[in-house]
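The values are calculated or read from the model by the stated rules, or taken from the named source; none is laboratory data. These numbers come from a predicted model, not from an experiment. All Cβ positions, glycine included, derive from the backbone under ideal geometry; neighbour counts span all protein chains shown.
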Amino acid sequence: MTETTAFPQDFLWGASTSAYQVEGAWNVDGKGPSVQDIRDVPAGTIDFRDAVDHYHHMKEDVQLFKELGLKAYRLSIAWSRILPEGTGEINEAGIKFYDDLINELLANDIEPVITVFHFDLPAALNEKGGWQNRETITAFREYCHILFERFGDRVKYWLTINEQNMMVLFGSMIWGGEGGYQTAFTENHHMLLAQAEVMRDYHEGHYPGKIGPAPNIALMYPGSDKPEDVLAAQQANALRNWAFLDPAVYGRYNAQFLAIIKQLGVEIPFEDGDGEILRNGTADFIAFNYYNSGTVVAMDSQGELASGDQQTGIGFPGFFKQIDNANLDHTKFGWEIDPIGFRTTINEIYSRYGLPLIITENGMADYDELTADGKIHDQPRIKYLGDHIEQMRLAMADGAEVFGYNPWSAIDLISTHEGLKKRYGFIYVNRHDDGSGNYERYKKDSFAWYRGVIDSDGVQL
Ligand code: BGP
């Protein structure tokens, strides 16, 4: 146990989930399918559309969140539960589910932090071109207007798009998207415009809360002290990180990003007025997800692209490719573990943008196992989170304004592409990739530990 300075008493100690990864009930009470519901099921695994059935365990789960000591709960709303076709007729049963959830959270003194879009585009919109189609911007505004009108009286923290950068850079893995650079950065442009329009709509609606983006930000390190690798890291940070935060905060594209994608042959489909749209809709705060830093080296145009997933595999021929950092340990799923990188990432974001920060994801996956006496001993996760909280404290001592921390995930749920076996929760769910399990909830060792962290204002790690 390390005795150090306490976090502010109003610090939002929370935890995170997303609708498609936790709710289940994918076709219940009028909900329309999302792109996640129509994906191919990974070989040898179950149909994950029931997730961990939070939809039918909502009150039980909120009671567990209360017992966990949460001050906040970061959740997402399923667009196609509100608008089954993505636009048009409202599904009142969907509204009721989130109304009840928000009221249940508030009745238990838990602040809802709501992501409006978390990888689950309505299938009906995807069939009309999804984010390739500029009309999706209008649909997104219509959807968000409903959320602000129906829940804006009680919800004070809104996040626009979860990990837009990961969708753009790793779309095929995360939601099954296809297409090359032109497709990716066309979709990105439309999402940036949609985000800006919705942030302006929110501000012009004079709702009593705040709104911001929620990218996955990881500082990219140079793989050596060679000047070309330092340049490669600067380019990787521009493409992976600042390309998304500059538009959200400054209302304009990042110049180095524009130069890089021009050399990749991409034409951003700018239309008259797009620059003004970006300028008129900017963030009140920055939410971001951090799992680990990245390390890159220069790569010539004939270079091989890095393989791997969204935490290990970024690369652009002619610029950089990600490599493994030999100085870091890894999780059992191959993701690097870099708590000090969390401090440097927080400092870098705050230094560039100067806005209040809230961490909306940070966590470690493991093959957690339920013992015969109903325990789950997840000490590696306790160490990962404790080390990252300590580094977050040090970043705050460095001057960064951080107002909340929401580890991924409040409760076990489905991975973007590795099923239920890849567990992150403080709460274990007895459900398995082979379809066995009764959805029973169990408190892991990290549950009592995190409750102690919260009760001690972050002193007891
Ligand atoms: C982030 C997503 C989360 C969650 C997390 C863990 O990219 O925002 O939704 O999926 O990563 O990743 P995975 O589920 O692939 O282990």
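Structural remarks
- Filter result (among the basic types (Lys, Arg) and more than 19 Å from the chain's Cα centre (by Cα)) within the range 326-362: Lys332, Arg352
- Any chance Val113 is buried (at least 23 other Cβ atoms within 10 Å of the Cβ), of a type in the set (Val, Ile, Thr) and over 26 Å from Arg441 (Cβ atoms): no
- Any hit, the range 446-460, residues being in contact with a helix residue (DSSP H, G or I) (Cβ under 7 Å, 6 or more places away or on another chain) and either of a type in the set (S, T, N, Q) or farther than 20 Å from Tyr73 by Cα (or both): yes
- Any hit, the range 358-380, residues being outside any strand (DSSP E or B), hydroxyl-bearing (Ser, Thr, Tyr), buried (at least 17 other Cβ atoms within 10 Å of the Cβ) and more than 16 Å from the ligand (Cβ to nearest atom): no
- Count - residues of the range 381-396 that are within 16 Å of the ligand (Cβ to nearest atom) and either farther than 16 Å from Phe7 by Cβ or buried (at least 24 other Cβ atoms within 10 Å of the Cβ) (or both): 3
- Filter result for Ile323 (crowded, with 16+ Cβ neighbours inside 10 Å, more than 19 Å from Asp246 (Cβ to Cβ) and of a type in the set (Val, Ile, Thr)): yes
- Within the range 10-20, restricting attention to residues that are within 28 Å of Gly458 (Cα to Cα) and either in a loop (DSSP other than H, G, I, E, B) or more than 12 Å from the chain's Cα centre (by Cα) (or both), the residue that is farthest from the ligand (Cβ to nearest atom) is Asp10.
- Considering residues of the range 38-77 that are among the small types (Gly, Ala, Ser) and more than 28 Å from Tyr143 (Cα to Cα) only, the residue modelled with the highest pLDDT: Gly69
- Against the numbered list (1) over 18 Å from Thr344 (Cβ atoms); (2) within 16 Å of the ligand (Cβ to nearest atom); (3) not β-branched (Val, Ile, Thr), Tyr290 comes up short only at (1).
- Qualifying positions in the range 354-368 - farther than 17 Å from Gly404 by Cα and either in contact (Cβ under 8 Å) with a residue 60 or more places away in the chain or touching a His at 6+ places or on another chain (Cβ under 8 Å) (or both): Met364, Asp368
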